[in-house]
Structures are given as C-alpha cells and as structure tokens.
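**Q** One structure, pasted below without further comment.
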Amino acid sequence: FVVPAIDFQLARIEIERGRVTEGLAMLRDIKPQMSGLLRPKLGAVLGWEAEALLRLGRPNEAIPLARESVAELTQYRDLDSLWYAQWREGKALAGAGDRPAALAAFNAAVTTVTALRRFPMGYRLESTFFADKLPLFDDAIFLAADLGDAPTAARLIEQVKSRALTSMLTVASVAGQKSGDLDAAVDDLSRRVDVLEYAAYQSGWTGETVAVRDRLLTERTRLLERILVSDPRWRTLSRPAEPDLNEIAASLERANQAALSLYYRSGRVVTLLIYRGRAQIAVKSLSESTVAAISAYQENLSSATSDHGKLDPSAWPDLAADRLVPVELLSQALGADGLVVVPHGPLHLLPWSALTLDGTRLFERCAVGVLPNMSCLKILEPAPAGPPSIALLGAPTYLGTSGLSELPLAAEELFTVAEIFGDRVVGAPRIGAEATQDAYRELLADPKGTHGILHLACHGDLVAGDPENSGLLLHDGKLDASEIARRKIPFDEVVLSACASGYRPTRVGSVELSADDIVGLPGAFLEAGARSVLVSIPPARDDAALAFMTLYYEHRVLGEPPLRSFREAEMAMLAAGDYPAHLWAGFTFYGR
C-alpha cells in the first residue's frame with residue numbers, strides 16, 4: 001500500500017509544481033492499482049487526473065473523470081475530498097461552456113462543505129475551517145451573479161457571511177446563563193487580564209507582562225471555544241442561517257427600506273439589491289485606484305499616527321459610493337426611506353452613511369444603517385417605535401493612570417442626555433467612580449431597561465489581534481467583548497460613545513477572517529440581545545460626540561425610530577458646520 005500512496009503524493013506535487021504532463025502520466029500508472037483495500041482512494045486519483053487535464057486546457061476530457069471521482073467519493077463517504085471533487089467538476093463544466101451545470105456542481109460542493117461544518121465554532125475556528133474553501137465560494141458566487149441568479153447568489157453569500165454570530169442570534173439565551181466550571185475559569189482569566197492591563201496603564205508594559213497577558217488570552221480563547229462546542233444549544237445548528245428572500249423582501253417593503261448585500265473579492269464586488277419586493281444582482285470591477293484606496297483607508301484607520309482629516313471618506317474620491325457599487329442599483333436603493341448596507345471584508349471599515357455620490361453624502365438621500373449579514377435583516381427586525389427609557393453609565397475616573405486621560409465632556413454628555421430623558425432614566429446615571437463593572441451588571445438586571453437604550457461613554461480599548469479582548473474601560477477595569485456577549489441584556493439599543501468601538505479587523509494574528517461576521521464590541525452586544533448598536537469606527541473627538549449625541553437623542557426621546565434619529569443627527573451636524581466631518585462622520589448604526 002505504501003508505494004502507490006507515495007507515488008500519488010509525488011504525482012500531486014508534480015502537477016502543483018507545473019509539471020502537469022509528468023504528473024498525469026504518474027497518475028495513469030497508479031490508477032490500475034486502486035483496487036481491493038485501496039479502492040476508496042480511486043476517487044482521489046481520478047480527481048487529480050481531471051485536475052491535470054483542466055490545467056492542460058482540456059475541460060471536455062476532464063468532465064467524465066471528475067464525475068467518476070464524485071461518484072466514487074460519494075460511495076465511500078469521503079466528504080473532505082468530495083467537496084473538492086464537486087468543485088473540480090464545476091470548473092470543468094464551466095471551462096466547457098456549460099455554466100448552468102457548473103453552478104449546480106458548485107452548489108453540490110457547498111452542500112458538502114455545510115455537512116462538514118457540524119456547528120458554529122466562533123470566528124477564529126470558523127475562519128480556519130473556511131480558509132481553503134473560500135475559492136469555491138468565489139467561483140460559485142460570481143458565476144451565479146453572471147447568470148443573474150439572485151436567490152442562489154444570496155444563499156451562497158450568506159454561507160460566507162452568516163456563520164457563528166447569526167447562528168447564535170437564532171438561539172434563545174437565558175439571563176445569567178453559565179456553563180459551570182468553564183465559565184468560572186473564563187471569568188478568572190478575564191480578571192487576571194484586567195489586573196495586568198490596568199497595571200500597565202500606570203507603569204507601562206514589560207516583555208514579561210506582555211508574555212503573561214498573551215498566555216492568559218490564548219488560554220481564555222481556548223476555553224471560550226470549549227464552552228461553545230460543549231453548549232447543547234449549538235448541537236442543533238448544523239448550518240448557518242439561510243435567508244428567505246421572500247420573507248426579507250416583505251419585511252423591507254413594510255418599512256419602505258432597501259438592502260444592499262456586498263461580496264468583495266479580488267477587486268470585484270457582487271452587489272445584491274432587495275427593494276420593493278424584488279431582488280437584483282450585478283457585478284462591478286473596481287479600478288486599481290479604488291482597490292488601493294480601500295487598503296490605504298484601512299491602513300490610515302489603524303495607524304497610531306493616522307491622518308485624521310482622511311478619516312472622512314469624502315477625502316478619498318476613489319471611495320465614492322458609485323466607485324464601489326453599481327450606480328444603477330445604488331440609485332434605486334437610495335430612493336427608499338432607509339437603506340441597510342451589508343458589507344464584506346475591508347468594506348466593513350467604511351462609514352457607509354457618510355460616503356458620497358455626486359458630491360452629496362448618502363445620508364442626505366436616506367437613512368443608512370449597516371448589518372453583518374442579510375439573515376440579520378429579519379432576526380433584528382425593529383420592535384415598534386415609541387418613547388424609550390435609557391440607562392446611563394460612563395465618564396469613569398481612571399485613578400490617575402498615565403495611559404488614560406479623564407473625559408470631562410463624557411460626564412457633560414451623560415448629564416445632557418439625562419436632562420433630555422427626564423424621568424425616563426433608569427435609576428441614576430452611573431458616573432465617575434460609580435461607572436464600574438458591577439454597575440453595568442446591575443443595569444442589566446433592572447427590568448425598567450427592557451426594550452430601552454443603554455448609553456455608555458468612556459474610553460474604548462481596541463485589540464485588533466484579539467477582538468474578544470476589545471472592551472470598554474470603566475472605573476475598576478475593562479468590560480470586554482467576551483463578557484458582554486455572555487450576559488443577556490434587556491436593552492433593544494446600545495449606544496457606545498467610545499473611540500473606535502466599531503472597528504472590525506480583517507485579520508487576527510495569522511488567521512484571515514474568512515467568515516464575515518462582525519466581531520468585537522458590536523457583535524458582542526448583538527449577541528447579548530441588542531437589536532441595534534450605534535458606534536464609531538474611527539476615533540471621534542469628545543466635543544463632536546457630545547454634539548452628535550445631543551442631536552440624536554433630541555429626536556429619539558420623541559419616539560423617532562433609531563435609524564431615522566441617526567440620520568437627523570447627521571443632517572443637523574452637516575448643516576451646522578460647527579465640526580469638520582472627519583470628527584463625526586465615522587459614527588455607524590448597526591441595525592435597521
């Protein structure tokens with residue numbers, strides 16, 4: 001058995017090195033030996049024979065071999081090889097010009113990938129699992145778009161985007177629910193990380209403390225993944241939520257809203273528009289200058305020495321909305337009362353409502369919100385609007401820590417909002433030394449906050465390399481995303497007046513985030529039960545944040561829906577001209 005196995009691997013190496021003819025000859029020598037106990041491996045040999053013919057530009061000869069490979073691997077239930085064989089069959093059919101049959105083969109491969117994915121595993125393991133499968137989805141999505149098959153494209157895009165987060169949103173959680181010893185261990189690790197980080201704000205980091213923190217965070221990530229896998233609720237979730245286009249279209253039509261779902265790969269954007277009960281799809285090839293501008297905007301956003309003026313997307317002509325989205329679909333979408341943009345990859349980092357079209361901001365045309373995927377359109381359908389209650393926490397005192405400045409305007413912001421809401425404030429605002437982690441937990445337990453607003457004003461801590469460790473810096477420590485996600489909240493809305501609270505990394509360590517859920521603070525609050533989260537992607541100056549929040553709440557207190565109130569605040573800030581747009585245009589509304 002060893003000799004043919006080695007020869008098979010050598011043949012694959014030859015093909016992958018470009019010596020395709022030599023590799024093909026080796027495979028044909030091996031094939032007669034694939035009998036008896038080696039018969040289950042015949043499918044893999046046939047598949048690579050088809051691969052060699054594809055690389056030699058002979059797709060018609062590859063088709064029967066690819067189909068035979070699929071049949072063999074199906075018979076022996078080798079799913080890890082089967083999805084690749086089905087993808088290869090699709091590529092052969094596409095090369096031969098039979099694109100509808102190719103799409104059917106790609107769909108079969110996606111179904112096999114879904115069968116391999118037993119349950120949602122969290123953003124890091126999801127992305128690791130998905131990394132080698134993403135080119136299959138690229139082929140399938142762009143082919144569906146080229147064929148004008150919007151329902152198939154929507155389902156495939158959601159298989160990429162709607163993974164761990166959406167699955168969690170579909171499962172009922174219970175306030176205070178814990179998983180026993182694992183949860184206690186996670187809480188203990190979180191406290192130890194808090195102690196290290198706050199000590200570092202006072203005296204700085206050393207090589208030893210950085211190493212200890214990294215070790216603690218690695219262990220906590222491992223435990224969080226164990227909690228997720230061991231939770232019996234997830235065992236019934238064998239696939240990501242798939243969108244029902246008819247249901248989503250009806251929900252949007254009731255609110256006179258439109259949705260634009262984007263899929264960005266290799267300089268091209270697939271755009272799916274759902275508006276007025278119908279779905280349309282188109283593909284846009286981006287210019288080299290626009291691709292470069294996306295990367296440059298991301299680099300500036302994450303730089304410690306960023307050019308703050310360029311945080312306003314209008315400073316980038318190549319990032320005008322019609323440079324990213326087909327203008328015929330964009331123009332239709334902006335005719336709605338509200339538009340929900342579902343970005344992808346680095347497009348999450350753009351403040352979509354502040355993008356321009358023909359010299360005007362998108363929010364000047366209609367209210368613009370953002371969601372992590374289309375399945376959330378239905379899951380996060382807003383509750384009936386009405387005058388809400390509000391809970392207020394923030395402006396912590398930071399005990400003289402050298403790394404954190406006090407936030408005097410944060411206290412003014414909280415008092416201003418409290419004055420706007422009057423007797424609809426839940427308890428008393430938790431300000432200064434009262435802005436603690438225990439105070440946050442007490443607010444979650446107060447039934448008066450049900451369906452209300454939670455407003456938090458403090459420093460944020462962005463940890464791009466570990467989004468679950470990003471958090472809000474309170475008086476006595478950091479409230480991080482992992483704890484937020486694991487505590488059910490009664491509030492429908494969360495407003496974070498904290499710098500860079502909406503930043504979404506595209507890579508975590510060595511792992512590219514292939515699965516496209518949002519992570520960090522916005523995702524944590526949605527998972528905890530919020531229907532909407534208002535954040536800022538770049539830093540927002542505190543005086544501009546105070547002005548913006550005041551305008552927002554003057555509309556919200558009257559019962560105006562959150563997304564409409566968000567637009568009114570943007571319009572008023574633009575009209576007043578008191579603050580340059582880069583100081584406030586990064587505010588982004590996650591929700592409908």
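The values are calculated or read from the model by the stated rules, or taken from the named source; none is laboratory data. Predicted model only: the values in this text are computed from it and were never measured. Cβ coordinates were reconstructed from backbone atoms using ideal geometry, including for glycine residues, and neighbour counts include every protein chain displayed. All accessible areas refer to the heavy atoms of the entire protein, side chains included, with ligands and DNA or RNA removed. Shrake-Rupley method; radii C 1.70, N 1.55, O 1.52, S 1.80 Å.
**Q** State the Cα centre-to-centre distance between the stretch 513-559 and the stretch 339-400 in whole Å.
**A** Distance between centres, Cα-based: 6 Å.
**Q** Can you list the lysines whose alpha carbon sits under 17 Å from that of K31, skipping same-chain ones fewer than 8 residues off?
**A** Leaving aside lysines fewer than 8 places away in the same chain, those within reach of K31 are K41.
**Q** Can you compute the charge dipole magnitude of the stretch 476-560 about its Cα centre, using +1 on each Lys and Arg Cβ and -1 on each Asp and Glu Cβ, nothing else charged? Give it in debye, rounded to the nearest 20.
**A** Its charge dipole is roughly 160 debye.
**Q** Separate question: List the aspartates and glutamates whose Cα sits under 14 Å from the Cα of K488, skipping any in the same chain fewer than 8 residues away.
**A** Within reach: E442, D446, E527.
**Q** How large a share of the accessible area of the stretch 274-397, in percent, is made up of carbon and sulfur atoms when the probe is 1.4 Å and the other protein chains stay in place?
**A** Heavy-atom surface of the stretch 274-397 belonging to carbon and sulfur, 1.4 Å probe: 48 percent.
**Q** Just want the answer: with Cβ charges of +1 for Lys and Arg and -1 for Asp and Glu, which residue in G477, F129, L409 is farthest toward the dipole's positive end in the chain?
**A** F129
**Q** About the Cα centre, and with charges only on the beta carbon of Lys, Arg (+1) and Asp, Glu (-1), how big is the dipole of the stretch 1-71? Nearest 20 debye, please.
**A** Computed charge dipole of the stretch 1-71: roughly 100 debye.
**Q** Could you report the stretch 340-492's accessible area per residue, 1.4 Å probe, as an integer in Å²?
**A** Heavy-atom SASA per residue in the stretch 340-492 reads 32 Å².
**Q** Treating the angle as unsigned and between 0 and 90°, give the value, to the nearest 10°, between the Cα long axis of helix 79-95 and the longest Cα principal axis of the chain.
**A** 80
**Q** Go from 0 up to the bin containing the longest alpha carbon distance in the chain, width 10 Å each, and give me the % of pairs per bin.
**A** Result, from short to long distances: 3, 16, 25, 24, 17, 9, 5, 1, 0 percent.
**Q** On C-alpha positions alone, give me the angle between the axis of helix 99-116 and the longest principal axis of the chain, in degrees, nearest 10.
**A** 70
**Q** While we're on this one: Just tell me which lysines come within less than 19 Å, Cα to Cα, of K378; anything on the same chain fewer than 8 places away is out.
**A** Within the straight-line cut-off, K378 pairs with K161.
**Q** Any idea what % of Cα-Cα pairs in the stretch 1-160 are farther than 25 Å?
**A** The calculated P(r) of the stretch 1-160 puts 33 percent of pairs beyond 25 Å.
**Q** Place a +1 charge on the Cβ of each Lys and Arg in the chain and a -1 charge on the Cβ of each Asp and Glu, then give the dipole magnitude about the Cα centre in debye, rounded to the nearest 20.
**A** 1680
**Q** Probe of 1.4 angstrom, ligands and nucleic acids ignored: what's the accessible area per residue over the stretch 1-154, in square angstrom?
**A** 44
**Q** Please name which of L24, N107, F587 has its Cα lying farthest along the dipole of the chain towards the positive end, using unit charges on Cβ (Lys, Arg +1; Asp, Glu -1) and the Cα centre as origin.
**A** Of the listed residues, the answer is L24.
**Q** Given a 1.4 Å probe and every protein chain left where it sits, what share in percent of the accessible area of the stretch 521-592 is carbon and sulfur?
**A** Roughly 51 percent, rounded to a whole number.
**Q** Quick one: Cα centre-to-centre distance for the stretch 276-317 and the stretch 457-503, in angstrom?
**A** Computed from Cα coordinates, the inter-centre distance equals 25 Å.
**Q** Specify whether the C-alpha gyration tensor of the stretch 382-512 places it in the rounded, prolate or oblate class, a ≥ b ≥ c being the square roots of the eigenvalues: rounded for a/c under 1.5, otherwise prolate if a/b is larger than b/c and oblate if not.
**A** In terms of gyration-tensor shape, oblate.
**Q** Can I ask one more? Roughly how tilted is helix 150-161, in degrees to the nearest 10 and between 0 and 90, from the longest Cα axis of the chain?
**A** Taking the Cα atoms of the chain, the angle to 150-161 is about 70 degrees.
**Q** What is the stretch 343-396 by shape, rounded, prolate or oblate, if you read a ≥ b ≥ c off the alpha carbon gyration tensor as root eigenvalues and call it rounded for a/c under 1.5, prolate for a/b larger than b/c, and oblate otherwise?
**A** It is prolate, given that a/c is not under 1.5 and a/b is the larger ratio.
**Q** Mind ranking R365, R276 by accessible surface for me, highest first, 1.4 Å probe?
**A** Reading off the accessible areas and sorting them downward yields R276, R365.
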